[in-house]
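Peer 1: Quick one: the structure is below, and I'll ask about it shortly.
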């Protein structure tokens, strides 16, 4: 989980997530119901923090990438004055405040921690920052092993878009899976084609360690939290074979 990987990805992030908002209503609703303060682990460019800021709740966003945080600061505008943005590693996070009513980690960010001990470290740190009775939401993807085997090593066109200046962007994806280690190696290659035909390629490679449901539940419990629900989507549907997400909601026991 190196900052430079995400710094390299920073200028494509908002374009890449331009159509993705399925988690926003649920996160904002939970934050509003629980009150605050609210902690986002892996806040990126502020995709979720910006709508959360409208609730007026006290917010803290943590990310390892200074480039992503700088974009978030700009998008928050005036609200940045009351949102605490912190550059830190979630494995070693130690904020002064340990009274968060709600903490969340979405968009598969947790899986950028590529071994179980690192994932446990992050869960322990998340639990340490929750107030008694506080809630952690952890958003992972459902492991689609059959699909990964089918596309193993194949270069696919994952997305394309055109910027206001006429530049075309093609996003290519290459995935390889290590089933024994539960690792998904991913290369995103962004090709920018200017109106004059000049092509610039930016590779962004990263590794994800995916989790199975009961493994994830056991890890969350080992961090001292009580799993309250497991969702398959942000509508709160039960997790099942055809779910796109593996979403855990867990509370910190009252002292």
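Peer 1: Residue 68 versus (1) within 30 Å of residue 218 (Cβ to Cβ); (2) buried (at least 16 other Cβ atoms within 10 Å of the Cβ): which is the lone unmet condition?
Peer 2: (1)
Peer 1: Another one. At pLDDT 95 or above and outside any loop (DSSP other than H, G, I, E, B) - does that describe any residue in segment 4-12?
Peer 2: yes
Peer 1: Looking at segment 63-74 only, could you name the residues that are under 18 Å from the mean Cα position of the chain (by Cα) and outside any loop (DSSP other than H, G, I, E, B)?
Peer 2: Selection gives 63, 66, 67, 68, 69, 70, 71, 72, 73.
Peer 1: Given the criterion in contact (Cβ under 8 Å) with a residue 24 or more places away in the chain and either surrounded by 14 or more Cβ atoms within 10 Å (Cβ to Cβ) or within 23 Å of the chain's Cα centre (by Cα) (or both), identify the matching residue among 172, 161.
Peer 2: Only one candidate qualifies: 161.
Peer 1: Specify the residue that is farthest from residue 121 (Cα to Cα); the eligible residues are those in segment 15-30 that are assigned to a helix (DSSP H, G or I) and under 13 Å from the mean Cα position of the chain (by Cα).
Peer 2: The qualifying residue farthest from residue 121 (Cα to Cα) is 24.
Peer 1: Give the number of residues within segment 195-236 that are in a loop (DSSP other than H, G, I, E, B), more than 30 Å from residue 172 (Cα to Cα) and touching a helix residue (DSSP H, G or I) at 6+ places or on another chain (Cβ under 6 Å).
Peer 2: The total comes to 3.
Peer 1: Taking segment 128-151, which residues are loosely packed, with under 13 Cβ neighbours inside 10 Å and more than 22 Å from the chain's Cα centre (by Cα)?
Peer 2: Once the filter is applied, which keeps residues that are loosely packed, with under 13 Cβ neighbours inside 10 Å and more than 22 Å from the chain's Cα centre (by Cα), segment 128-151 yields 132, 133, 146, 149, 150.
Peer 1: Do we find a residue being at pLDDT 95 or above, under 20 Å from the mean Cα position of the chain (by Cα) and within 16 Å of residue 116 (Cα to Cα) anywhere in segment 191-207?
Peer 2: yes
Peer 1: Report yes if residue 106 is touching a residue at least 12 places away in the same chain (Cβ under 8 Å), in the same structural domain as residue 247 (by TED's automatic domain parsing) and within 16 Å of the chain's Cα centre (by Cα), otherwise no.
Peer 2: yes
Peer 1: I've got another one for you. Does segment 40-52 contain at least one residue that is part of a strand (DSSP E or B) and out of contact with any helix residue (DSSP H, G or I) (no Cβ under 8 Å at 6 or more places or on another chain)?
Peer 2: Scanning segment 40-52, I find no residue that is part of a strand (DSSP E or B) and out of contact with any helix residue (DSSP H, G or I) (no Cβ under 8 Å at 6 or more places or on another chain), so the answer is no.
Peer 1: Same structure again: Residues in segment 243-255 that are more than 13 Å from residue 138 (Cα to Cα) and at pLDDT 95 or above: how many?
Peer 2: The qualifying residues number 4.
Peer 1: Just to be sure, is residue 38 in contact with a strand residue (DSSP E or B) (Cβ under 6 Å, 6 or more places away or on another chain), crowded, with 20+ Cβ neighbours inside 10 Å and at negative phi?
Peer 2: yes
Peer 1: Right, something else. Name the single residue that is surrounded by the most Cβ atoms within 10 Å (Cβ to Cβ) among those in segment 96-122 being in a loop (DSSP other than H, G, I, E, B) and touching a helix residue (DSSP H, G or I) at 6+ places or on another chain (Cβ under 9 Å).
Peer 2: Checking each candidate, the answer is 106.
The values are calculated or read from the model by the stated rules, or taken from the named source; none is laboratory data. As the structure is a computational prediction, the values presented were derived from the model and not from experiment. Virtual Cβ from ideal backbone geometry, glycine too; neighbours counted across all protein chains shown.
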